[in-house]
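For reference, the structure discussed in these notes is given below.
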Amino acid sequence: MQTFKKSSLSMWKQELNSLIRGISGGFLFGIPLLYTMEVWWVGSSAKPPRLLIAIALTFTIVFLLNQTTGFRDTKDVRFRDAFMDSTRAIAIGLLCTSCVLVLFQEITFDTPLGEALGKLIYESVPFALGVALSNQFLKDNSDQNQEDRKKQQKSDRKKQLNGTIADVGATFVGSIIVGFSIAPTDEVPMLAASTSGPWLLLLILASLLISYAIVFAASFSNQTKRQQQQGIFQDPFSETVISYLVSLVAAALMLWFFNQLNLELPWSTWLRYTVIMGLPASVGGAAGRLAI
Amino acid sequence: MNTQSKKIQPQDLPKRSLAEWITFGIAVAILSTVIGLVSYVWLGKERQPPVLSITYEKTIRKVDGQFYVPFILINKGGETVESVRVYAELVINSDFKEQSEQEIDFLSSGEVQEGAFIFSKNPQEGKLKLKVESYKLP
């Protein structure tokens, strides 16, 4: 009885792991387009036949990707496996993008059904591609490479790098890489104008959850290494929180650099803009920490 | 060496677990719901042309000597429209005329857009006319 319970638990754990890995890959790939209002608009005005074609095309591409990479540990050799995983990838895309669009208040109870579906389907295309590519992201090319890199990193760290500084640096650089294309756009002030306190709190929570999922829950190849990392970032929860703060600093700097924020603006504007930019920045920061 | 992967036969692969079948079932339900809703929209109002209507609210705000008249613009038709131009004209005792206009980027079927026209005199003392001037199809 206990063995059955154990195997059932491990089955669900494995499944959850695959799904979280897919979600993480989706966010890494899909986040820039989630912050692109043109995609919301194109989706809003797209006619239903075009939406159905978009779903069919996405399914085809995701199906092909699933046969080579995918988001599971196992390879989709059989047609049936690739079909099942493609359906899952698109459903993950639809579910996650709907959550983000609700958080951005781009989909509300007042949004007409056709518009909501258009936004959702167009935004879920890059997300689903990210899900199907998640094994490819940040994955070491070979065991040999991994071994070499580990040795290299060990000696490098001993010589010059403190683990904490390396983590802060990686988070910062990752935040900049992902956030730099979003920070100068009009989407940030636009989203900031329509948001309020509770939504910002939800956005902070979502940023923390996604960052945690990418680094600790998605079983990407470098996670074991992350858990061995030294410094104040040793604990997953404190690492997630501190990294989020680093990502917020990077977000604020990027916004200031692109003149979206200046010292004359009130602190509430700084807060709103920075929290909104904090989501892509924390996704980038998480990816950065996995990459080192 | 990758020769091992070539040797894998479909019958050697592990069977899908119950958890995988359950999540697949949920995924099928989500995808079918979305496809069903898109088809519903397609067969429903989509074929109707846009019908735009604008109304204003009686609750006029006065701030710093300016009068704010809130308006509501609705697309009651089926098709989405772009660049909707709305226009308001205030006439008081036929000797004072003030106009205000603005453009709404985007209005999909059933969408409601709110905004306000701003006048220097109290619209309640005269006659206020609101109209939708034009739009274009995306």
Exercise for the section: Within segment A:36-59, track down each residue that is in contact with a Ser or Thr (Cβ under 9 Å, 6 or more places away or on another chain), over 19 Å from B:Thr33 (Cβ atoms) and not aliphatic (A, V, I, L, M). Expected result: A:Thr36, A:Ser44, A:Ser45, A:Lys47
Practice task
May I ask you to list the residues in segment B:73-109 that are touching a residue at least 40 places away in the same chain (Cβ under 8 Å) and within 30 Å of A:Leu117 (Cβ to Cβ)?
Solution key: B:Leu73, B:Glu79, B:Thr80, B:Val81, B:Glu82, B:Ser83, B:Val84, B:Arg85, B:Val86, B:Leu107, B:Ser109
Exercise for the section: Quickly run through segment B:30-53 and pick out the residues that are more than 8 Å from chain A (Cβ to nearest Cβ), surrounded by fewer than 18 Cβ atoms within 10 Å (Cβ to Cβ) and of a type in the set (A, V, I, L, M). Expected result: B:Leu43, B:Val51
Practice task
Report, by residue number, each residue of segment A:193-212 that is at pLDDT 80 or above and crowded, with 17+ Cβ neighbours inside 10 Å.
Solution key: A:Trp199, A:Leu200, A:Leu203, A:Ala206, A:Ser207, A:Leu208, A:Ile210, A:Ser211, A:Tyr212
Completion exercise
Within segment B:44-89, the residues that are at pLDDT 85 or above and aromatic (Phe, Trp, Tyr) are B:Phe67, B:Tyr68, B:Phe71, B:Tyr87
Problem - Any chance B:Glu114 is at pLDDT 80 or above and either charged (D, E, K, R) or surrounded by fewer than 19 Cβ atoms within 10 Å (Cβ to Cβ) (or both) - result: yes
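The values are calculated or read from the model by the stated rules, or taken from the named source; none is laboratory data. Small disclaimer: the values here were computed from a predicted structure and weren't measured. Here the Cβ is made from the backbone with ideal geometry for all residues, glycine too, and neighbour counts use every protein chain on show.
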